[in-house]
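The values are calculated or read from the model by the stated rules, or taken from the named source; none is laboratory data. Note that the structure is predicted; figures quoted are calculated from it, not measured. Every residue, glycine as well, gets a Cβ built from its backbone with ideal geometry; the counts of neighbours run over all protein chains shown. Each accessible area value is taken on the protein alone, full model and side chains, heavy atoms only, with ligands, DNA and RNA left out. Shrake-Rupley method; radii C 1.70, N 1.55, O 1.52, S 1.80 Å.
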Amino acid sequence: MIEYLSDHPHLVVLVVTIVIWSGIALYLWRLGRRIVELEKIATQRRPSDSSSRSASSPST
Amino acid sequence: MKYAFYVAGLAVAIIVGWGKGILRPTRWRALLAIILIAVGIIGGLYPPIVGTFQDAIVESRGKPVSINVLLPPNGIMPLSDSVIWCRDISGSTVKARMVKNNKTVMAQSIPQKLLIHTSPITHDFFDISSVTHAPWIMLPYIPGLGERARILFFHVPAAWTGFLAYVITMLYSLRYLRTSREEDDAVAVASASIGTLFTILAYISGAIWAKFNWGHFFNWDTRELSVLLLLAIYIAYFVLRANIRSDAQKRVAATYAIVAAVAALFLIFIVPRITTSLHPGSRDDTNIGPILSPEQDTLDTTKAAIFSIMLAGFTLLYSWMLNFVARYRLIANYFQHSHSKTYHD
């Protein structure tokens, strides 16, 4: 196996690159999910914000 | 043919990436980006680069070379216990000595991969890794580049994505000037930051390649200088953005982004082509570079296909990143405003 990989160094580069890309893809995927969670918090807060704003607004 | 590959790749990326609007989260965009880039990495790094004896002769002026040469099934004929006669797929022949692990091997026991030592007196080269059976996929050998030709699949898509990001910044800045929507401003800033990230990636990958091909990380080449200037222009944009306090200042930044994208077009596509440069497609080059040249032999079909997959993958990766970076900016703005409102109340 080691002899085969030493004969084909580009395959070692391939394995390392795939590992790096898997890490980046996983990180980006988790980052996307965290943003979805933040958006949920924002949408939950938004109605209360608008109700408190309308309650405190002098025009209403 | 290669233009068809580029157009198909970019069409897929644009339809999946922008089809439902850039701010709408979709899993397809992310999944396709991950798959296409993984396929592109495997396609770019797995196939062996295979040349001919002529490539080896050109490559080995006064120094030993080690390159893969594809030999047809009947391309090796034993002349004695150790000397063989070899013919490659182009029809060139050499007399050689087969060596594996520095030991002469018998001509009758031909392994799939072997080292051929030719006589240094009669031939220019004496280290060739021959491939006796054609692999199902392979890339052509380019004298002077060898294995370093694989940079095409990473460096060029990264540079393309950087430029695309700056154009998208310009378009959304124009839209912001027209509509004053917070979303357009968030997409413009997010696109500029991702564009700068990809331009830096292209710059670093190019510098590492240049160290091994041209001898130095930085060679005072026109394109190296023009992209450095481009990065300076966008760093100035981020400095401007960091000091924004009002909507009127945002409009100034949007105007700057439009002018910067015009400068990007000039610095990326025009300056390196009207001056002499080490990069392909410069004024002293015979064509406009392997990617864009209409000549058929400038880019092999396999390479064009893998390059198009990477082009589509990087474009989708950009649209995926743009989606959540812009959404993050909008949420951050929302929390900042609600926090400051609560604090001041």
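Listed values, structure above:
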{"quantity": "Amide H within-cut-off set for B:N68, under 5 Å, with H built and near neighbours excluded", "calculated": "B:G51, B:S129"}
{"quantity": "Average partner coverage of A:24-37, which counts Cβ from other chains inside 10 Å", "calculated": "4"}
{"quantity": "Choice from B:A254, B:A33, B:A207 showing the highest fluctuation, given a GNM over chain B with Cα pairs closer than 10 Å", "calculated": "B:A207"}
{"quantity": "Kyte-Doolittle mean at least 0.5 and Cα axial length at least 15 Å: DSSP H helices in chain B", "calculated": "B:2-18, B:27-45, B:152-179, B:182-213, B:222-242, B:247-265"}
{"quantity": "Accessible surface buried once A binds B (1.4 Å probe; total of both sides; Å²)", "calculated": "2300"}
{"quantity": "Residue with peak Gaussian network fluctuation, chain B [Cα springs, cutoff 10 Å], from B:P47, B:P290, B:P78", "calculated": "B:P78"}
{"quantity": "Whole-Hz ³J(HN,Hα) from phi, Karplus 6.51 cos²θ - 1.76 cosθ + 1.60, for region B:277-284, glycine and proline x", "calculated": "8, 7, 6, x, x, 7, 4, 8"}
{"quantity": "Antiparallel DSSP beta bridges within chain B, percent to nearest 5", "calculated": "70"}
{"quantity": "For chain B: accessible area per residue (Å², 1.4 Å)", "calculated": "49"}
{"quantity": "Reduction of at least 40 Å² in accessible surface, 1.4 Å probe, comparing all protein chains with the chain by itself, residues of region B:1-49", "calculated": "B:I34, B:I41, B:L45, B:Y46"}
{"quantity": "Pairwise FRET efficiency - B:D297 versus B:S92, Cβ, R0 = 22 Å, nearest 0.05", "calculated": "0.75"}
{"quantity": "Choice from B:I57, B:I49, B:I37 with maximal GNM fluctuation in chain B (Cα, 10 Å cutoff)", "calculated": "B:I57"}
